[in-house]
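Visitor: What follows is a single structure, and I will ask about it in a moment.
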Amino acid sequence: MRRLVLLALVGLGAQLVDGSLGMAYGVTSTTLLLAIGTNPAAASATVHLAEIGTTLASGASHWKFGNVDWKVVLRIGIPGAVGAFAGATFLSSLDTSVAAPLMSLILLALGAYVLVRFTVKGLRRDRLGHPLRSRFLAPLGLVAGFVDSTGGGGWGPVGTPAILASGRLEPRKVVGSIDTSEFLVSVAASIGFLLALGSEDIDFTWVGALLLGGLIAAPIAAWLVRHVPPRVLGSAVGGIIVLTNSRTILKSDWVDASEGTRWVVYAVLYLVWAAAVGWSLRAHRAEQSAIDAELADLEEGQARTGGPSVSA
């Protein structure tokens, strides 16, 4: 019972992050399932089955708040479903001793990417309003879908930063469109896992616990996307993913690091993570101060010329 409550809380927390940042539900949930010894393919299958419900609820919530671009959803979601089905079939064919560290390595890479991307670069805004082409979205969806199935998460960490980096869609619509299109990816991945594995290795009570937490969090997250600074949240979540999966890799047969070595690595990673979150927080405050100062100057200039107020 305690494990089910923990899974529900993880589902809730992961969906709060995913719905407000556009990533990390699958990566966070799969990382936990691997940490408690779940078979990698079964862990990814469990998370994707839960995501059918959470992504549907999240998509509906984002649509209600006007956070969805349906052209982007279709152009990236359909190729993503193809990639997810292929990834599920591939992961199911791997031996567990190979799949566990491989999945942790993929998750570690995704976590590091999220950490660096949101700590260092922030968000680009100079191309806002330019159209996103299918020749960009289709290959992106195919790769992100494949990584999502094989890594137990990755649709958001691959898709969201790539579209944000293009600067062509406002951040809230990037998050809403990625979350909504993930429904197609989750369905395709789940079908792939069920065909390849069957249902005997999947604990549906765990699916239900993750789903319950995610359903509670989905509408809250769709509202939070307008208020939570994504730069700070991205750094925080990226650090958690890096730390957790580093532990799995260091203890695997691939590395088999001594206890002393592991603790040295953990200490370094904790320091880097703390510095990254602190940097992101300062950068966000500086960006917000600059925006506030610019708005104040515009209002002052318009007041002098008798023009309309910016706040109006």
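Visitor: Assess whether Val72 counts as being surrounded by fewer than 23 Cβ atoms within 10 Å (Cβ to Cβ) and in contact (Cβ under 8 Å) with a residue 40 or more places away in the chain.
Guide: no
Visitor: Which one of the conditions (1) at pLDDT below 70; (2) more than 19 Å from Ser29 (Cβ to Cβ); (3) crowded, with 19+ Cβ neighbours inside 10 Å does Val237 fail to meet, given that it meets all the rest?
Guide: Failing condition for Val237: (2).
Visitor: Looking at Thr46, is it in contact with an Asp or Glu (Cβ under 9 Å, 6 or more places away or on another chain) and at pLDDT 75 or above?
Guide: yes
Visitor: Looking at Ala88, Ala84, can you tell me which residue is part of a helix (DSSP H, G or I), open to solvent by less than 10 Å² (accessible area, probe 1.4 Å) and in contact with a Phe, Trp or Tyr (Cβ under 6 Å, 6 or more places away or on another chain)?
Guide: It is Ala88.
Visitor: Restrict the check to the stretch 80-98 and report whether at least one residue is at pLDDT 75 or above, within 19 Å of Val175 (Cα to Cα) and more than 16 Å from the chain's Cα centre (by Cα).
Guide: Yes: the stretch 80-98 contains one or more residues that are at pLDDT 75 or above, within 19 Å of Val175 (Cα to Cα) and more than 16 Å from the chain's Cα centre (by Cα).
Visitor: Filter the stretch 49-69 down to the residues that are open to solvent by 30 Å² or more (accessible area, probe 1.4 Å) and part of a loop (DSSP other than H, G, I, E, B), then identify the one that is modelled with the highest pLDDT.
Guide: My answer is Asp69.
Table: residues versus (1) open to solvent by less than 80 Å² (accessible area, probe 1.4 Å); (2) at pLDDT below 90.
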site	(1), (2)
Glu259	no, yes
Arg262	yes, yes
Ala274	yes, no
His284	yes, yes
Glu299	yes, yes
Gln302	yes, yes
Gly306	yes, yes
Ser311	no, yes
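This table checks each residue for (1) of a type in the set (Lys, Arg); (2) at pLDDT below 70; (3) part of a loop (DSSP other than H, G, I, E, B).
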| residue | (1), (2), (3) |
| --- | --- |
| Trp223 | no, yes, no |
| Val228 | no, yes, yes |
| Val242 | no, no, no |
| Ile249 | no, no, no |
| Trp254 | no, no, yes |
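The values are calculated or read from the model by the stated rules, or taken from the named source; none is laboratory data. What you are looking at is a predicted structure, and each value in this text was computed from that prediction instead of being measured. Here the Cβ is made from the backbone with ideal geometry for all residues, glycine too, and neighbour counts use every protein chain on show. Just so you know, the surface numbers come from the protein's heavy atoms only, side chains and all, with ligands and any DNA or RNA stripped out. Shrake-Rupley method; radii C 1.70, N 1.55, O 1.52, S 1.80 Å.
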